[in-house]
Amino acid sequence: MSFPVITPVAPDERVRELLASERVGRAFSFFESHASNITEEHAAICAIPSPPFGERVRAEYLAEKFRALGLKEAGIDGEGNCVALRRGRSERPLLVVSAHLDTVFPEGTDFNVRRDGARMRAPGIADDGCGLAALVALARALEEFGVETEGSVLFVGTVGEEGEGDLRGARHLLTTGEWAGKVDAFLSLDGPGVERITNMALGSRRYRVRFSGTGGHSWGDFGAANPVHALGRAVARLTTYPAPQRPRTTFNVGRIEGGAGVNVIAREASLDVDLRSESAEELRRLDAFFRRAAREAADDENAARRANCPPLEIEVKLIGDRPSGETPPDSPLVRLACEATRAVGSRPRLDCSSTDSNIAISLGLPAVTIGAGGTSGHSHTLDEWYDPRGRDLGLKRALLVVLGLVGLRQDD
């Protein structure tokens, strides 16, 4: 993607032009002077429960917030994403600026925000509450100070970024929804920080493996094929995989279930596994190794069963498939993000992670994920915290990237 303004310029020159703009300066001041209001909005968003596959109420709140700011074309799409269009002079280029609505925490979790000095504590307060708060703050700054753009911005709160959501919101937005084929670049705001620029999409495959048999009594039916034993064999095999450090490759059995009692041969046992690698080829090798290990675990358990006992059955179900890829470091988007990072006094750091940008990158769109400022800790736990001090730097950086891509109107 080339820069979308009438006269293309280098990223460093583009950032200098933006920093010289009076309206950009006023927007920067807004992030500083309204820091407490942004924090209160952050708390209000995070207090709305948003468990996996239960993001609707939070999405509707965000859509209403965008409408109140003046973005009349705001609503919920067919997958449940909150989508709000801010039109520029032209429909293209169209930049998606996104953050994810969902959390990893189940229905019934207490999402109310607690205060501990400057820190805010709540499940999902940083991942990705601070990204959602950034979407609202960016839209508000653009609207209040009349920052007109050449291209258009599509603000999106996505569903299904976490866990078994399998990036379903971003996937729908970019492949089957109303905006499929119309997006020119993708910027995701996910988590805190000002240095990180995720330009490499970390690929992953996730499986649920279920072993099932006849069950029985631990004494009287000893020798029957045991699903729990087969599960143990599969895990043991997986742990022998020689995962390389470069490219970094990991595996994790995150959940196991099965059994009814200490003296009961289980009728069923299952495991959920997460396989990841920076390399698509290495991920394919790990994937093949694991599927083979699961089958061999069932075969070995069946081979050890006593005569006339029915064999175990095995079901291997793919529950997540996140594509890998890269927005090259020398691409205009990555260079712009680096210049914007330096402009707010930080040192850019390119990294690899699994985010909504994976889908955009896999489709050949320029895409990065950046932090929304501030700091955090204990992510994905009930004690997750976020410190908004320094949030304004993240918002300023994001604004520079947004305007660098869609361009200020020439008469601004």
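The values are calculated or read from the model by the stated rules, or taken from the named source; none is laboratory data. This structure is a prediction, so every number in the text was calculated from the model and none was measured. FYI the Cβ positions are ideal-geometry reconstructions off the backbone, even for glycines, and counts take in every protein chain you see.
The table that follows gives values for the structure above.
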read-out: Residue selected from region 255-280 under the condition buried (at least 17 other Cβ atoms within 10 Å of the Cβ) and acidic (Asp, Glu), by the criterion farthest from Arg206 (Cα to Cα); value: Glu268
read-out: Hits in region 103-143 (condition: β-branched (Val, Ile, Thr) and closer than 14 Å to Thr375 by Cβ); value: Ile125
read-out: Condition check for Arg233: over 22 Å from Gly163 (Cα atoms), of a type in the set (D, E, K, R) and in the same structural domain as Glu315 (by TED's automatic domain parsing); value: yes
read-out: Scope region 294-343; condition hydrophobic (A, V, I, L, M, F, W, C) and surrounded by fewer than 19 Cβ atoms within 10 Å (Cβ to Cβ); matching residues; value: Ala303, Ala304, Ala307, Cys309, Val316, Leu318, Ile319, Ala343
read-out: Residue within region 59-74 that is of a type outside the set (Asp, Glu) and part of a strand (DSSP E or B) present; value: yes
read-out: Pairs with Cβ under 9 Å, 6+ apart, first in region 235-249 and among the polar types (S, T, N, Q) and surrounded by 14 or more Cβ atoms within 10 Å (Cβ to Cβ), second at pLDDT 95 or above and assigned to a loop (DSSP other than H, G, I, E, B); value: Thr249/Tyr241; Thr249/Ala243
read-out: Condition check for Phe211: surrounded by fewer than 19 Cβ atoms within 10 Å (Cβ to Cβ), aromatic (Phe, Trp, Tyr) and at pLDDT 95 or above; value: no
read-out: Residue check, Ala298 modelled with pLDDT of 95 or more and farther than 30 Å from Val24 by Cα; value: yes
read-out: Residue in region 153-164 that is acidic (Asp, Glu), on the phi < 0 side of the Ramachandran plot and in contact with a helix residue (DSSP H, G or I) (Cβ under 8 Å, 6 or more places away or on another chain) present; value: yes
read-out: Verdict on Thr198 being β-branched (Val, Ile, Thr), in contact (Cβ under 8 Å) with a residue 24 or more places away in the chain and assigned to a strand (DSSP E or B); value: yes
read-out: Residue list for region 83-131, restricted to those being of a type in the set (Gly, Ala, Ser), touching an Asp or Glu at 6+ places or on another chain (Cβ under 8 Å) and either closer than 18 Å to Leu71 by Cβ or buried (at least 22 other Cβ atoms within 10 Å of the Cβ) (or both); value: Ala84, Gly88, Ser90, Ser98, Ala99, Ala122, Gly124, Ala126, Gly131
read-out: Number of the exception - Leu154 against (1) in contact with an Asp or Glu (Cβ under 6 Å, 6 or more places away or on another chain); (2) farther than 30 Å from Arg267 by Cβ; (3) in a strand (DSSP E or B); value: (1)
read-out: Matching entry among His172, His217 (being out of contact with any helix residue (DSSP H, G or I) (no Cβ under 7 Å at 6 or more places or on another chain), modelled with pLDDT of 95 or more and surrounded by 20 or more Cβ atoms within 10 Å (Cβ to Cβ)); value: His172
read-out: Selected residue [assigned to a helix (DSSP H, G or I) and of a type in the set (S, T, N, Q)] from Ser90, Ser29; value: Ser29
read-out: Hey, Leu399 of a type outside the set (Lys, Arg), part of a helix (DSSP H, G or I), over 18 Å from Arg14 (Cβ atoms) and in contact (Cβ under 8 Å) with a residue 60 or more places away in the chain or not; value: no
read-out: Sole exception among (1) without any contact (Cβ under 8 Å) to a residue 40 or more places away in the chain; (2) more than 20 Å from Gly131 (Cβ to Cβ); (3) touching a strand residue (DSSP E or B) at 6+ places or on another chain (Cβ under 7 Å) for Pro93, by number; value: (1)
read-out: Yes/no for Ala180 being among the aliphatic types (A, V, I, L, M), in contact (Cβ under 8 Å) with a residue 12 or more places away in the chain and in a loop (DSSP other than H, G, I, E, B); value: no
read-out: Flag for Gly193 being part of a loop (DSSP other than H, G, I, E, B), free of Cβ contacts under 8 Å to residues at least 40 places away in the same chain and more than 23 Å from Asn81 (Cβ to Cβ); value: no
